[in-house]
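The values are calculated or read from the model by the stated rules, or taken from the named source; none is laboratory data. Keep in mind the model is a prediction, meaning the values are calculated, not measured. As a convention, Cβ positions derive from the backbone with ideal geometry for all residues, glycine included, and neighbour counts pool all protein chains shown.
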Amino acid sequence: TTARLTLDPAFRIGPVDPRLFGSFVEHMGRCVYTGVFEPGHPLADADGFRTDVLELTRELGVTLVRYPGGNFVSNYRWEDGVGPVEDRPARLELAWRSLEGNSFGLNEFMAWAAKAGVEPMMALNLGTRGVAEALELVEYANYPGGTRLSELRRAHGADKPHDVRLWCLGNELDGPWQMGHKTAGEYGRLAAETARALKRFDQGLSLVACGSSNSGMPTFGAWEAEVLEATYEMVDYVSLHAYYDPSDGDVDSFLASGADMEHMIRSIAATADHVGAKLRSDKKIKLSFDEWNVWYQSRFNGESSLEWTEHPRLIEDSYDVTDAVVVGSLLITLLRNADRVGVACQAQLANVIAPIRTEPGGPAWRQTIFHPFALTARHARGEVLRVEPECATIPTAKYGEAPAIWATATHDAATGAVIASLPVIVLYLVAQRWVIEGISRSGLKG
Ligand code: AHR
């Protein structure tokens, strides 16, 4: 079998946005507690952050981290997680049926994000709460001082405003499993009013409206259309979530997950553009793929802890090489669509379907899926080039004929000028069961 790839630096898709290499820290299972945060661990720093996990996070090349959920955020009171730790309440956490002690909250997350060198992306509770609470959180987090909430933050030890630029208007509110689940009409109205108020506070905030929880939802596409009709001029992104499940043993379909993700991206971009056309707007809504990964979801079976315990072990999937190839192909897909996808977060960072695993009191280690992420985050720079492989197709049960080669390329003109005035092309190919990373320093002409 032969395959041909044509690369030309003149055929550009768009710049590589660093925000494509995001991750996600949710108060779920052991992502926060005994994941990134474990006071008393031999490697914990003065703030209780595990320095082994911080080092792996930096090595992974993560640029941005979404927090605090996920399903968790839809019934979360952010006030519970700030102020003196001894005064913080324990709560029943309903999304994952766990006990939440609240010793980690907004200010701890911001301190951790600064140490990890990542941009924070905050999610607001638009499930059980509304416009007023969202405004209060944003004022607490971002206003410099002199008002009740900004002074409260300062009294809590965070003198400087956190200046969070990116905010999710809730999480997966189309899902009946969500606390405060809503119809598209109900959510669209709430998201629009919250966005309007937040932009009065600060026109420069970037806001993400909730799209569908997954492409199998009965309202997929229709939900985005109705929500965007209500919010179009006030939001910047619409979210997408997708998890690929290898459990049924259909390896060919699983390896074609990238093609399915691309179909999903193009469907939602078309839906957003349709709304833009109806509204006669020149604005383009970008996509925030703020949850994606491989997840052995059929093993999960709606898992939540039966007992009310603190940070139970939830969905701690162990990954193999095939999973790593699929994660690589999903990263390729995000790059191939860099003209529309402006934010992406692999879910999650530690322990919960994660590239980094830990044991309480014990070691932290890299899973197989760590490596394609770290390689891509390290090498993808400059402009993404259009690559349309000429290759055979492979029949798949789930997605029909899928290309045997899934590829992207980035061209870093700046680095090229430094290295003997030649452009550098970093090329990742994912074929059926193997991965090649090749670096070509051929002097391509425009
Ligand atoms: O990442 C795990 C969960 O998957 C998140 O809490 C939720 O948003 C999604 O359904």
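Overview of values
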item	result
Residue list for region 139-188, filter: under 27 Å from residue 94 (Cα atoms), small (Gly, Ala, Ser) and without any contact (Cβ under 8 Å) to a residue 40 or more places away in the chain	141
Number of the condition not met by residue 328 [criteria: (1) over 22 Å from residue 53 (Cα atoms); (2) away from the ligand (no atom under 16 Å from the Cβ); (3) not in a loop (DSSP other than H, G, I, E, B)]	(1)
Some residue of region 51-67 being under 23 Å from the mean Cα position of the chain (by Cα), in a strand (DSSP E or B) and over 16 Å from residue 290 (Cα atoms)	no
Of the criteria (1) surrounded by fewer than 18 Cβ atoms within 10 Å (Cβ to Cβ); (2) under 21 Å from the mean Cα position of the chain (by Cα); (3) of a type in the set (D, E, K, R), which one residue 202 fails	(2)
Subset of region 29-47 [in a strand (DSSP E or B) and of a type in the set (A, V, I, L, M, F, W, C)]	37, 44
Residue selected from region 93-108 under the condition surrounded by fewer than 23 Cβ atoms within 10 Å (Cβ to Cβ) and part of a helix (DSSP H, G or I), by the criterion nearest to the ligand (Cβ to nearest atom)	108
Residues located in region 383-411, provided they are acidic (Asp, Glu), surrounded by fewer than 17 Cβ atoms within 10 Å (Cβ to Cβ) and under 27 Å from the mean Cα position of the chain (by Cα)	388
Some residue of region 73-92 being surrounded by 23 or more Cβ atoms within 10 Å (Cβ to Cβ), modelled with pLDDT of 95 or more, within 16 Å of the ligand (Cβ to nearest atom) and aliphatic (A, V, I, L, M)	yes
Residue selected from region 232-272 under the condition of a type in the set (D, E, K, R) and within 15 Å of residue 337 (Cα to Cα), by the criterion nearest to the chain's Cα centre (by Cα)	262
Index of the failed condition, residue 165 passing every other in (1) crowded, with 17+ Cβ neighbours inside 10 Å; (2) away from the ligand (no atom under 16 Å from the Cβ); (3) under 19 Å from residue 343 (Cβ atoms)	(1)
Any chance residue 180 is small (Gly, Ala, Ser), within 16 Å of the ligand (Cβ to nearest atom), over 18 Å from residue 290 (Cα atoms) and part of a loop (DSSP other than H, G, I, E, B)	yes
Matching option when the condition is within 16 Å of the ligand (Cβ to nearest atom), surrounded by fewer than 22 Cβ atoms within 10 Å (Cβ to Cβ) and among the β-branched types (Val, Ile, Thr), among 128, 63, 51	128
Among residues of region 109-136, those that are part of a helix (DSSP H, G or I) and under 21 Å from the mean Cα position of the chain (by Cα), counted	9
Among residues of region 359-395, those that are more than 30 Å from residue 414 (Cα to Cα) and in contact with a Gly (Cβ under 7 Å, 6 or more places away or on another chain), counted	0
Test: residue in region 4-17 that is in the same structural domain as residue 374 (by TED's automatic domain parsing), away from the ligand (no atom under 16 Å from the Cβ) and polar (S, T, N, Q)	no
Residues of region 305-341 that turn out to be closer than 23 Å to residue 25 by Cβ and among the small types (Gly, Ala, Ser), as a count	4
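Per-residue answers, yes or no, for (1) under 22 Å from the mean Cα position of the chain (by Cα); (2) outside any loop (DSSP other than H, G, I, E, B):
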position	(1), (2)
145	no, no
153	no, yes
167	yes, yes
193	no, yes
